[in-house]
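The values are calculated or read from the model by the stated rules, or taken from the named source; none is laboratory data. Given the structure is predicted, the values throughout are model-derived calculations rather than measurements. Quick reminder, even Gly has a Cβ in these numbers, built from the backbone with ideal geometry, and neighbours come from all protein chains shown.
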Amino acid sequence: MTTLQNNVFDADEMRAGATRAVTGGAYRLTPDEEATLLRGAPWRRMAVIGDSIAEGIGEPTEGFPDQGWADSVADALDRANPGLVYLNLGKRDLRADAIRATQLEPALAFDPDLAVVVAGGNDLLRGRFDIEPVAAHIEAMVSAFAATGADVVTLGLYDCTGSPYIPDEFRGPMAERIRELNDRTWEIARAHGAVHIDCTNHPGSKDPAIYGSDGLHGNRRGHSFTAGVALRAIGARLGNRL
């Protein structure tokens, strides 16, 4: 695999040309499971844009790869179809408008046939959260990739209010915002025939073992788990299931 910048319930819903997957199991898929899910994978150029979730921020966890979930997905794709070229532009602290302004153009210039969009997490952490401007930026990014013929993947954030590190007074409002963001992102994905990875409604959200000490980001166990969620969703698009 060429990396230009390196910065996991068994239910899948197929509706309106988009795939929404809620998946589960062990924290990490086996190589044989990955190969089964990615049988027939055609992609040669994978681009990821977004915030710290896309970038892969996470604390080291013994027994798990020291890399983000997107990197692990790229590794699995390269094993399934060697020669993948991978570009990850994800950068921490960016809101949806900044992701669109700084990452969309170079990602389009890369000419991916698989594009991942992760945005909105930093927007919902602000004092005031309005979903519609955020959704407009997400839709602009998803539609731009879809217009090129690329397959597009979006991600719903884990409901991290299940993390023991989130103060009780913030759990209710944050959970509401996370679900609002996930629902609107899913609607956008459905409208553009994209794959939406629904981590928000995944029962793994309530597992404290996947979170780092900041309560917002996954640790490396969490990233391995998320890679499995993503691979199951991508596999479902290919017609593959475990």
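Do you know which residues across segment 82-102 are more than 15 Å from the chain's Cα centre (by Cα), surrounded by fewer than 19 Cβ atoms within 10 Å (Cβ to Cβ) and closer than 19 Å to residue 134 by Cα?
Of everything in segment 82-102, those that are more than 15 Å from the chain's Cα centre (by Cα), surrounded by fewer than 19 Cβ atoms within 10 Å (Cβ to Cβ) and closer than 19 Å to residue 134 by Cα turn out to be 93, 97, 98, 101, 102.
Please verify whether segment 65-78 includes one or more residues that are over 18 Å from the mean Cα position of the chain (by Cα) and either among the small types (Gly, Ala, Ser) or not in a helix (DSSP H, G or I) (or both).
No.
Quick check on my filter: what residues within segment 205-232 are surrounded by fewer than 24 Cβ atoms within 10 Å (Cβ to Cβ) and assigned to a helix (DSSP H, G or I)?
Scanning segment 205-232 gives 205, 206, 208, 209, 221.
Could you say whether any residue in segment 88-105 is in a strand (DSSP E or B), of a type in the set (A, V, I, L, M, F, W, C) and either at pLDDT 95 or above or touching a strand residue (DSSP E or B) at 6+ places or on another chain (Cβ under 6 Å) (or both)?
No: zero hits.
Counting just the residues of segment 181-227 that are farther than 25 Å from residue 135 by Cα and of a type in the set (Asp, Glu), which one comes out modelled with the lowest pLDDT?
The extreme case among them is 214.
List the number of the failed condition for residue 105; all other conditions in (1) surrounded by fewer than 23 Cβ atoms within 10 Å (Cβ to Cβ); (2) within 12 Å of residue 46 (Cα to Cα); (3) of a type outside the set (Val, Ile, Thr) hold.
Just one mismatch for residue 105, condition (2).
I'd like the residue in segment 145-179 that is over 18 Å from the mean Cα position of the chain (by Cα) and closer than 21 Å to residue 49 by Cβ and, out of all such residues, is surrounded by the most Cβ atoms within 10 Å (Cβ to Cβ).
The qualifying residue surrounded by the most Cβ atoms within 10 Å (Cβ to Cβ) is 148.
So which residues in segment 108-154 are in a loop (DSSP other than H, G, I, E, B) and within 21 Å of residue 193 (Cβ to Cβ), if there are any at all?
Answer for segment 108-154, where residues must be in a loop (DSSP other than H, G, I, E, B) and within 21 Å of residue 193 (Cβ to Cβ): 110, 111, 112, 113, 119, 120, 148, 149, 150.
Could you look through segment 113-128, keep only residues that are out of contact with any Asp or Glu (no Cβ under 9 Å at 6 or more places or on another chain) and at pLDDT 95 or above, and pick out the one that is surrounded by the most Cβ atoms within 10 Å (Cβ to Cβ)?
117
Which residues, taken from segment 147-173, are touching a Ser or Thr at 6+ places or on another chain (Cβ under 7 Å), at pLDDT below 85 and small (Gly, Ala, Ser)?
162 - this is the single residue of segment 147-173 that is touching a Ser or Thr at 6+ places or on another chain (Cβ under 7 Å), at pLDDT below 85 and small (Gly, Ala, Ser).
With respect to residue 182, is the statement that it is surrounded by fewer than 21 Cβ atoms within 10 Å (Cβ to Cβ), among the polar types (S, T, N, Q) and within 16 Å of the chain's Cα centre (by Cα) true?
no
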